[in-house]
1. Scan the range 219-254 for residues that are farther than 28 Å from Gly177 by Cα and of a type in the set (Val, Ile, Thr) and jot them down.
2. Tyr170: surrounded by 20 or more Cβ atoms within 10 Å (Cβ to Cβ), of a type in the set (Phe, Trp, Tyr) and under 21 Å from Ile286 (Cα atoms), yes or no?
3. Evaluate the range 111-121: report whether one residue or more is hydrophobic (A, V, I, L, M, F, W, C) and within 12 Å of the ligand (Cβ to nearest atom).
4. Is the range 156-178 home to any residue that is part of a loop (DSSP other than H, G, I, E, B) and without any contact (Cβ under 8 Å) to a residue 12 or more places away in the chain?
5. So if I check each of Thr127, Thr102, which one is more than 16 Å from the ligand (Cβ to nearest atom), under 29 Å from Gly187 (Cβ atoms), assigned by TED's automatic domain parsing to the domain that holds Val305 and not in a helix (DSSP H, G or I)?
6. Would you confirm whether any residue within the range 101-111 is in contact (Cβ under 8 Å) with a residue 12 or more places away in the chain, crowded, with 19+ Cβ neighbours inside 10 Å and hydroxyl-bearing (Ser, Thr, Tyr)?
7. Checking the conditions here, which among Ile286, Ile307 is crowded, with 24+ Cβ neighbours inside 10 Å and either without any contact (Cβ under 8 Å) to a residue 40 or more places away in the chain or farther than 19 Å from Glu200 by Cα (or both)?
8. Restricting attention to the range 71-94, report how many residues are away from the ligand (no atom under 14 Å from the Cβ) and either assigned to a loop (DSSP other than H, G, I, E, B) or in contact (Cβ under 8 Å) with a residue 40 or more places away in the chain (or both).
Amino acid sequence: MERRSVFKAMAATGLAAAVGVAVGGVARAQDKKYTIALIPGLTTDAFYITMRKGAQAAADALGVELVFQGAPDFNPVTQVPVLDAVIARAPSAILIAPTDKTQLVEPLRKANDAGIPVITVDTFIGTGKYQTGAGDADFPLSYVASDNVLGGRMAARALANAIGGKGKVYVSNVKPGISTTDQREEGFKAEIAENFKDIEVLETQYNDNDANKAASQLQAVFARNADLKGVFGANLFSALGAGNGVQQAGQTGAIKVVAFDAPTSIVDNINTGLVDVAIAQHPAEIGYFGLVSAYAHLTGQSIPVSIGTGFTIIDKANVSDPNVARYIYSD
Ligand code: T6T
């Protein structure tokens, strides 16, 4: 295929599909010149299901075959064999949400050594600073994701506001080593330390991405701290579980919940007052621009080393606005 701007190619493929004829040299959907693999953190998470939709929309526009292959849980032990299987199929490029910033470095280096371009989506490996010449974990071409430190700071401000600027709170988190959730916690704690001196942040509770564990932990923290005022759920399962824990403890509205991520259950949880604020990421945008970036690279364009995607803050006042509700994830 001739080298051309990815946006021109997208417009042309759309036209070719519409009229059902070949346009000089443009790969149409049926040609499927490139196969791009998307390896999520886990397959059953609404966040990655929504990311897949965005990637598929870009793949359809560009005439690319998208392969979505992942593990049933968020764990390097199960993700690495999936990655190995994908590498063996020699796709044109790999988009991956690495489940650990250290443990995925060597497995991903195998893809890079085999000449398969790697772009990380949502999470990163190493420091997340790619193509620096450092030679460690800087080989991925690009990182497409939310600004997770900023997201953590946004959550801290929302929770501080909900509890009136004072009292005890804690972070319900997945496990150390995941770039996204580590950065959210870091941003959350930095914002509280810098701007909310009357808020005490208790020890983080790690739930291994298990909402039931997060719910039990909420109740245990509350049992030790009857004056607990709030919790920040640093991802979908942490927030869901912490919210369920608040409800089971009969503390709806008394212990404030700020949730990262926006599964469909968030609508009810906001409307009933269980969750004060949800910070929706834009996973479809991550998938779309991840795929477009891979395609741009494959067709000879240089691509940004990082692409930042947005957030939508959802609360009771705007949850039924269609312009906001469109950011609620797909099941
Ligand atoms: O919060 C997202 C994602 O950004 C994170 O890396 C892992 O957890 C989620 O998939 C939500 O479950």
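1. Thr252, the sole residue that qualifies.
2. Numbers: surrounded by 20 or more Cβ atoms within 10 Å (Cβ to Cβ): yes; of a type in the set (Phe, Trp, Tyr): yes; under 21 Å from Ile286 (Cα atoms): no.
No, not satisfied.
3. Pass one, the range 111-121, residues hydrophobic (A, V, I, L, M, F, W, C): 111, 114, 116, 118-119, 121.
Applying the additional criterion that residues be within 12 Å of the ligand (Cβ to nearest atom) yields 121.
Checking the range 111-121: at least one residue is hydrophobic (A, V, I, L, M, F, W, C) and within 12 Å of the ligand (Cβ to nearest atom).
4. Within the range 156-178, the subset part of a loop (DSSP other than H, G, I, E, B) is 163-166, 174-178.
Going one step further and asking which of them are without any contact (Cβ under 8 Å) to a residue 12 or more places away in the chain, we end up with 164.
Among the residues of the range 156-178, at least one is part of a loop (DSSP other than H, G, I, E, B) and without any contact (Cβ under 8 Å) to a residue 12 or more places away in the chain, which makes the answer yes.
5. Numbers: Thr102 fails: more than 16 Å from the ligand (Cβ to nearest atom).
Thr127 is the lone residue from the list that is more than 16 Å from the ligand (Cβ to nearest atom), under 29 Å from Gly187 (Cβ atoms), assigned by TED's automatic domain parsing to the domain that holds Val305 and not in a helix (DSSP H, G or I).
6. No, that holds for no residue.
7. Values: Ile307 fails: crowded, with 24+ Cβ neighbours inside 10 Å.
Step by step, each of Ile286, Ile307 is checked, and only Ile286 is crowded, with 24+ Cβ neighbours inside 10 Å and either without any contact (Cβ under 8 Å) to a residue 40 or more places away in the chain or farther than 19 Å from Glu200 by Cα (or both).
8. As a first pass, look at the range 71-94 and keep what is away from the ligand (no atom under 14 Å from the Cβ): 77-78, 80-94.
Next, only the ones that are either assigned to a loop (DSSP other than H, G, I, E, B) or in contact (Cβ under 8 Å) with a residue 40 or more places away in the chain (or both) stay: 82-83, 86, 89-94.
Looking only at that region, the number is 9.
The values are calculated or read from the model by the stated rules, or taken from the named source; none is laboratory data. It should be emphasised that the depicted structure is a prediction, and the values quoted were computed from it without experimental measurement. So basically every Cβ, Gly included, is an ideal-geometry build from the backbone, and we count neighbours across all protein chains shown.
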